[in-house]
1. Filter region 79-100 for residues that are of a type in the set (Val, Ile, Thr) and in a helix (DSSP H, G or I); which is nearest to Val54 (Cα to Cα)?
2. With the checklist (1) within 21 Å of Leu100 (Cα to Cα); (2) out of contact with any Cys (no Cβ under 8 Å at 6 or more places or on another chain); (3) modelled with pLDDT under 70 in hand, flag the one item Val6 doesn't pass.
3. Is there any pair linking a residue in region 48-71 that is of a type in the set (Gly, Ala, Ser) to one that is surrounded by 13 or more Cβ atoms within 10 Å (Cβ to Cβ), with Cβ under 8 Å and at least six apart or on different chains, and which?
4. State the number of residues belonging to region 50-78 that are part of a helix (DSSP H, G or I), surrounded by fewer than 11 Cβ atoms within 10 Å (Cβ to Cβ) and of a type in the set (Val, Ile, Thr).
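The values are calculated or read from the model by the stated rules, or taken from the named source; none is laboratory data. Because the structure is predicted, anything quoted here is derived from the model rather than measured. Neighbour counts are summed over all protein chains in view; Cβ atoms, including those assigned to glycine, are modelled from backbone coordinates with ideal geometry.
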Amino acid sequence: MEVGAVYNETTEPQAKPPRRPFGCTLRHLWGWRLLTKALQVILSLLAVICEEIVEDCITCGGLYFFEFTSCSAFLLSLLILCVYCTDVYETFGEDKVQTL
């Protein structure tokens, strides 16, 4: 009796999980929450661009604060969108993502 025949009859190949492009999924963020986060990323990027257009200012303290907050809002909202819409959510686990 051939050894390969025994293994071919009793073992099944493991099914590979379906591949998603770039690991993108909308399982954890969908509907109005996805729309809100996408709009937040777009508007904060627009604020950063508008701030960079200003060439001269008399008192620049407020402008620098606006630059800091708009850039921080853009980066953090982009990070949240990436975490919830990729495989990172499953990789780290729900508890660690909620803690973060």
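1. So the first thing to find is which residues in region 79-100 are of a type in the set (Val, Ile, Thr), and the list is 80, 83, 86, 88, 91, 97, 99.
Now drop any that are not in a helix (DSSP H, G or I), which leaves 80, 83, 88, 91, 97, 99.
Values: Ile80: 29, Val83: 33, Val88: 37, Thr91: 42, Val97: 37, Thr99: 38 Å.
The selected residue is Ile80.
2. It is condition (1) that Val6 fails.
3. The qualifying pairs are Ser70/Ser44; Ser70/Ala47; Ser70/Val48; Ser70/Glu51.
4. Final tally of qualifying residues: 1.
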